[in-house]
Every structure is written in C-alpha cells, then in structure tokens.
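So the structure is just underneath, and the comments pick up after that.
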Amino acid sequence: MNTITDFTNDIQTIDSAHYMHPFTDHKGLAEKGARIITKADNVYIWDSEGHKIFDAMSGLWCVNVGYGRKELVDAAAKQMTELPYYNSFFQTATVPAVKLAEKIVQLAGDNYSHVFFSSSGSESNDTNIRMVRHYWATLGQPERKVIISRNNAYHGSTMAGASLGGMGGMHAQGGLPIPDIAHIEQPYHYGLAPTEDRDAFGMRAAGWLETKILEIGAEKVAAFIGEPVQGAGGVIIPPKTYWPEIQRICDKYGILLICDEVICGFGRVGKWFGSQLLGCKPDLMTFAKGVTSGYIPLGGVVVGKRVAKVLIELGGEFNHGYTYSGHPVACAVALANIDILEHEGLVDRVLNETGPYLAQQYAELAKHPLVGGAESIGLMAGFVLMKDKANHIAFDEDVGVGMICRGHCFANGLIMRAVGDRMIIAPPLCTTKAQIDEMMVLIHKCLNATLNDLEQRGLMHHVALKMNVA
Ligand SMILES: *Cc1c(COP(=O)(O)O)cnc(C)c1O
C-alpha cells in the first residue's frame, strides 16, 4: 500500500465528483486526474506525490514576491484580529484601504489621484466600463459608449471582462461580446508580419486603432483598452513604437486610454506599471494579481486626474461598488507586499539585473531548432514552437504541439504554460540569476524531450531539422 498515492487518488476522485474547475475540459481531466498541489516555498511548488516543481508562471502571473513570505501572513493575521471586515459604503472607510490608495497613487505617478478597489481583474474591468461611460455621460456626451479592444486580448472572464477580451472561444459561449465593444488586430509582429521592420509594424498596428475610430465615428468612442504586454494571449510584446502612437491617436480624438496592468503592474516588466516602461500615460489602469502577490484576492482601478476630477466634481453618486471594495485584510496584505517589493529592490532588480539576464538566456534559446520568435521583457517571456522555423512553417493545429511540450515540462518538474503553440513563462520577481540558470536548464531539457518525441512521431520537418541541428 502506498499511502501517498492513496491520498492523491482519494482527492482526485472527490475532485472529479464535485469540483468544477475554471477553464477545464472535465472529461479529459477525469481520465488523468488533477495534479494536487499541496505546498510551496520561494519559486517552487510541491504536488501531493512529493514532486518538486519550478513554478515559472508565478501561479497565474501573481506570486511576485514568491511563496512562503511570512510578512504577508503576519499582516493578514494582524488585520484579521483587529478588524477582519468593514466596508467603504455609506461614508465609512478602513485604515488599510486608505493607506493603500495613497501608496498606489504614489507609485503610479503625477497623472493619478484616486484608486477604486475590487477583488479581481475581471471586476475591475467591469468598473472601467461603468466608469468611462459615466464619465462621458457626466460631460454631456452619453453617446460615447464604445470601447475598442484587441483580438487575443485577455481582460477577465465576467460578461464584461470576456467581452473586452478578444478570445473567440470565450465569445462563443454566453452570447458575447455585450453591445458597444469593438476589436482591432493585435500587435503581434512574429505572428502577423515577421518580415516587416518591427518598428514600422508597430506604427501600422497602432494605426488600426485610428481606422476603427473613424469607422465607428470618434463621437461614439469612449475608450481604448489594452494590456501593455498581452499576457494570456501568449506574452505578445509590442514593438516600441506601438504605445506612443496609440497614445497620440487617443489624444487626437480625445478618447480615454485604459491600460490593463493586471499582469504588468507591480514590477513584472521592471517598473511599477508596464505603461511607465512602454511610453504611454493611461487615464485608467486596471490592477489585480501582483498587488497582493496572489496571497489574497484584491483588484482595482487607478484613476487618472482627468477622470477623477469629473467624477468627483460633477458626477454625483457613482452607483457602483462591491461588498469587498477596499477589503481591509486584502489591503493590509497588499501594503506588506509592496513593502517587500520596495525594500528588497525587486522592481529595480528586474529592470537592471534579472530581466536583462533572462533576455540573454532567451537569445541563446532562440538557437534551438524548435524555437521561433523568442523574446522577453522584464520577467515575462515567450516563444513559438515551429515545425520549420527557417521557412516560418508552424505545426498543424491538430498536432497540439504546445500541449505536448507542456506535458514534458510537467514530467520534468517545470511549470511552463502553453498558449496554442506559444510557450510562456513569468517567474516570480524574487527569482535569482542562479534560479534563472536552473530554469533554463529545465527549459532546454523539456524542449529536447519534445523534439525527440515529435521526431519519433514523424512530425518534424526533416530537411530543416538536419540543417539546424547539425
Ligand atoms: C488575469 C487577468 C485579468 C482577470 O483577472 P481575474 O482576477 O482573474 O478576474 C484581467 N486582465 C488581465 C490582463 C489578466 O491577466
């Protein structure tokens, strides 16, 4: 009798019987059984069978300070003991919510004055839709309702979040998108125009926004929303010309700019917010995930002065809010989390040390015969698995090469995520250079295992392979 395996089997059986997972095909899961994660420390997680796994995805892009940080546990315990809950409706507030709003405004910079809290990224993007429409109605332009987003964007999974997002599979369920949401093409250089000059492509991709504004009529457009770097879409890093040109177009037509900073915010790209690195000044910034390093749910919107002034001076009551807006325990944990990021200099370390080091490693990785378009920004990175990269030939979709590779990663103690044929990572911001080395060894090992596997199945393009592997 193996008691560890018995325990795992028991949990898997109960899981299958009762737990409906997010984004999961349950028939497929029932055949294999879920991997049960039982503990974590620093950049590692352990499953119920005792396997140690390098978590190169920081959970779901959120465990920025790493696992096992007692400071966050203590902050939660202290706040729960003192005041576990009170709301901010009806002219009340709690100390952690007030202090966190002040802190986030300081980190965001001069352009911003207020913070609206929620408990997730999806909720925060619902807030954005409500807020920009209320803003324009207050200014006497209620016909400005349309929000323009992008294909392959991810803005959450509520009706509004999924509508803003550009994922066809999500729109296909539930009658989405909701009205007055439009989409333009994403700035995906390697996928859409690999032979075009990168910066010229960035300008052209931003130009699609202007085309869409003119098609709809500028007087009907409320805002444009985008992730500074698309995350769930596969770590799509835009050319450096893209965001300044988006900003110029928004300014030209007076439309609001929303950056969804749920992944990029709180240090992921080496600045407190991605927009600070990529050259735009959004009117609203969505945050969640990294604000508490995922230890407890918290999200919100950083509100720029342009919007805050109108809402506060002219807007009257904003009929919107959540029971847990400004939850004191979540806000106390966020303050402790930001304190760690500041005192350990993790954001600067990503910008000056670990980010550039990862970029060097990814430049090396680009030599692997399977790897196309490898690139990174801060501590997020991605590449495409290519059948014949010299001739830019992808695998057939039904091969499911991303899932094959992900299987080899799981088997070799590495969490690397597959998005279609793109393989992506976003390790915790506390990851050291030595741990990046360790992660790269695992990535190479998993890629070689994937290559062998594909060769054995006769799925590689053989002429190209021999040329590249020689
Ligand atoms: C994860 C994510 C969201 C949704 O956040 P939830 O907390 O899951 O609702 C929204 N936007 C972006 C960019 C995200 O990565």
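Read-outs throughout are calculated quantities, based only on the coordinates presented, and are distinct from any laboratory measurement. A quick note: this is a predicted structure, and the numbers were derived from the prediction, not measured. So basically every Cβ, Gly included, is an ideal-geometry build from the backbone, and we count neighbours across all protein chains shown.
What to note about this one:
- Summed side-chain charge close to Ile338 - residues other than Ile338 whose Cβ falls under 13 Å, Lys, Arg +1, Asp, Glu -1: -2
- A simple spin-label model places the labels of His21 and Arg457 1.9 nm from each other, with each point 7 Å out along Cα-to-Cβ.
- Helical contribution to [θ] at 222 nm, DSSP H n ≥ 4, -39,500 (n - 2.57), averaged over the chain, rounded to 500: -13000 deg cm²/dmol
- Cα gyration tensor shape of the chain, rounded if a/c is under 1.5, else prolate or oblate by comparing a/b with b/c: oblate
- Cα-based shape type of segment 106-227, given that a ≥ b ≥ c are square roots of the gyration tensor eigenvalues and the cut on a/c is 1.5: rounded
- Annotation: amide H of Gly270 within the under-5 Å range of Leu379, sequence separation 5 or more or interchain, hydrogens built in the peptide plane.
- Extension gain for the segment His444 to Thr38, taken as residue separation times 0.36 nm less the Cα-Cα distance, is 143.5 nm to one decimal.
- Under 28 Å, Cα to Cα: Lys pairs in segment 244-375, sequence gap 8 or more or different chains: 13
- Under 13 Å, Cβ to Cβ, from Ala205 - net charge with Lys/Arg +1 and Asp/Glu -1: -1
- Distance (nanometres) between label positions extended 7 Å along Cα→Cβ at Ala137 and Glu71: 4.2
- For the chain, the membrane-span-like helices by this rule, meaning whole DSSP H stretches whose C-alpha atoms cover at least 27 Å of axis and whose Kyte-Doolittle mean is -1.0 or above, are 198-216, 433-456; this says nothing about an actual membrane.
- Value of relative contact order over segment 71-343, rounded to a whole percent, pairs C-alpha under 8 Å and six or more apart: 29
- On the basis of the beta-carbon distance and an R0 of 25 Å, Tyr86 and Asp339 show a calculated FRET efficiency of 0.65.
- Förster-model FRET efficiency, 45 Å R0, Lys433 and Thr3, C-beta, rounded to 0.05: 0.70
- Taking segment 1-84 as the region of interest, the number of lysine pairs whose Cα atoms are within less than 25 Å, with members eight or more places apart or on different chains, is 6.
- Cα shape, segment 172-269, gyration tensor, a/c 1.5 rule: rounded
- Bridges between two residues of segment 71-343, per DSSP, are antiparallel at a rate of about 45%.
- Listed peptides 282-293, 155-166, 39-50, 171-182 by packing density, highest first (mean Cβ within 10 Å): 282-293, 155-166, 39-50, 171-182
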